[in-house]
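Here, each number is a calculation from the coordinates, and none is a lab measurement. Only a predicted model underlies this, so the values are computations on that prediction, with no experimental measurement involved. Neighbour counts are summed over all protein chains in view; Cβ atoms, including those assigned to glycine, are modelled from backbone coordinates with ideal geometry.
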Amino acid sequence: MAGKTFIVEHLDPELGEWSALEYKCIARETAATGSSFYLTSVPHELQLPEPLKNVSELNVEHRGIEEIYADKKDRVCLLDPSAKEELSPKDGDNFDIFLFGGILGDDPPRDRTSELRKKGYQGRRLGPVQMTTDTAVRTTRIVVQDRIELENIKYVDHPTIKVDEHESIEMPFRYVLDKDGKPIFPEGMVDLIKKDSEHGIDDLL
Ligand code: SAM
């Protein structure tokens, strides 16, 4: 099967270290499965944070999704937590391009994915629980490339990260489990969360 295109449209005013670790992880994993990853709508003046420098699998694009795929709109699927229909393996035939909001997760979610929904793309949901962006891309790849139904993927909701012997942080998201039954976090993310934990998790989201 031909590789797919995965797009994160940058929508936040900044691109912080949290997003950078997620996007690096998405770029590496996506390339490893023969597909491509584009970070789109990146302002010319934006300096990429350190984790994204020299990531050969990352394609940075200053144009936005509407301009790039103006003639292929019907082949673009927006992954949308408010969509009526769940993503299914047959969507691997219906779509070539999978679009995600480049937005940090928030609790409760503020539905900023609506900025992309307004543009009129067909939407699919990845279940009822908010995922981090790298988890949403990972889950989409598993469904449309590995052709595994959403309900057959192993997840954990709201896992905790132990910061020290006294404190744990609950992550308000759904994560895919690895083969050892542990939630998959981007490389460096657990250390970043621990490092920043004194500011409180709300400042990280
Ligand atoms: N709270 C956010 C909002 O305001 O919409 C959700 C941000 S989420 C961290 C980033 C992106 O991952 C979303 O824009 C969406 O593309 C995708 N995503 C996350 N959870 C999803 C779900 N359950 N179903 C579909 N897409 C999801």
Task: Unmet criterion (only one of (1) among the charged types (D, E, K, R); (2) outside any strand (DSSP E or B); (3) in contact (Cβ under 8 Å) with a residue 40 or more places away in the chain) for Asp71 - done: (3)
Task: Matching residues, the range 108-156, being touching a residue at least 60 places away in the same chain (Cβ under 8 Å), near the ligand (Cβ under 8 Å from one of its atoms) and assigned to a loop (DSSP other than H, G, I, E, B) - done: Arg112, Thr132
Task: Any hit, the range 77-95, residues being crowded, with 19+ Cβ neighbours inside 10 Å, in a strand (DSSP E or B) and of a type outside the set (A, V, I, L, M, F, W, C) - done: no
Open item on the list: Looking only at residues that are farther than 22 Å from Thr139 by Cα and among the small types (Gly, Ala, Ser) in the range 46-97, which one is nearest to the ligand (Cβ to nearest atom)?
Closed with: Gly64
Task: Residue check for Val176: farther than 18 Å from Cys25 by Cα and assigned to a strand (DSSP E or B) - done: no
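What residue, among those in the range 98-107 that are part of a loop (DSSP other than H, G, I, E, B) and either near the ligand (Cβ under 6 Å from one of its atoms) or not charged (D, E, K, R) (or both), is surrounded by the fewest Cβ atoms within 10 Å (Cβ to Cβ)? Talk me through it step by step, then tell me what you get.
Filtering the range 98-107 for residues part of a loop (DSSP other than H, G, I, E, B) gives 103-107.
This time we only want the ones that are either near the ligand (Cβ under 6 Å from one of its atoms) or not charged (D, E, K, R) (or both), so: 103-106.
Details: Ile103: 20, Leu104: 18, Gly105: 19, Asp106: 13.
So, considering only residues that are part of a loop (DSSP other than H, G, I, E, B) and either near the ligand (Cβ under 6 Å from one of its atoms) or not charged (D, E, K, R) (or both), the one surrounded by the fewest Cβ atoms within 10 Å (Cβ to Cβ) is Asp106.
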Task: Number of the exception - Pro43 against (1) more than 16 Å from the ligand (Cβ to nearest atom); (2) part of a loop (DSSP other than H, G, I, E, B); (3) of a type outside the set (Lys, Arg); (4) surrounded by 14 or more Cβ atoms within 10 Å (Cβ to Cβ) - done: (4)
